[in-house]
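> Sharing a structure with you now.
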Amino acid sequence: MEITCTLSGFEPRLLGGGTVTLAGLEPALNGEWHLKSVSHRLDGGGLVTEFQGEKGRE
């Protein structure tokens, strides 16, 4: 399963190759995700962090 998330603000702890734990979402989305890619950028609304993750990776 794969996911793409966009977060308002700068999240410097999110790095490609790392992991993130999601909680408080639909049960299938909760849990640990392997970060395939992470980008940090400044747009018209301010700082933004976006990541692509993969769940169930062995």
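> Starting from residues that are touching a strand residue (DSSP E or B) at 6+ places or on another chain (Cβ under 6 Å) and part of a loop (DSSP other than H, G, I, E, B), keep the ones in segment 1-14 and report whichever is nearest to G56 (Cα to Cα).
Filtering segment 1-14 for residues that are touching a strand residue (DSSP E or B) at 6+ places or on another chain (Cβ under 6 Å) and part of a loop (DSSP other than H, G, I, E, B), the one nearest to G56 (Cα to Cα) comes out as L14.
> Here's something else I'd like to know. Can we say T49 is loosely packed, with under 14 Cβ neighbours inside 10 Å and outside any loop (DSSP other than H, G, I, E, B)?
When the stated conditions are applied, T49 does not pass them.
> While we're looking at this one, here's another question. Identify the single condition in (1) in a strand (DSSP E or B); (2) at pLDDT below 95 that K36 does not satisfy, given that it satisfies every other one.
The single condition K36 does not satisfy is (2).
> Same structure again: Show the residue pairs meeting these rules: Cβ distance below 8 Å; 6+ apart or different chains; first residue within segment 8-30 and farther than 15 Å from G53 by Cα; second residue in a loop (DSSP other than H, G, I, E, B) and at pLDDT 95 or above.
What qualifies is G24/N30.
The values are calculated or read from the model by the stated rules, or taken from the named source; none is laboratory data. Source: prediction; values computed, not measured. Because the Cβ atoms are built from the backbone with ideal geometry, glycine has one as well, and the counts that use them run over all protein chains shown.
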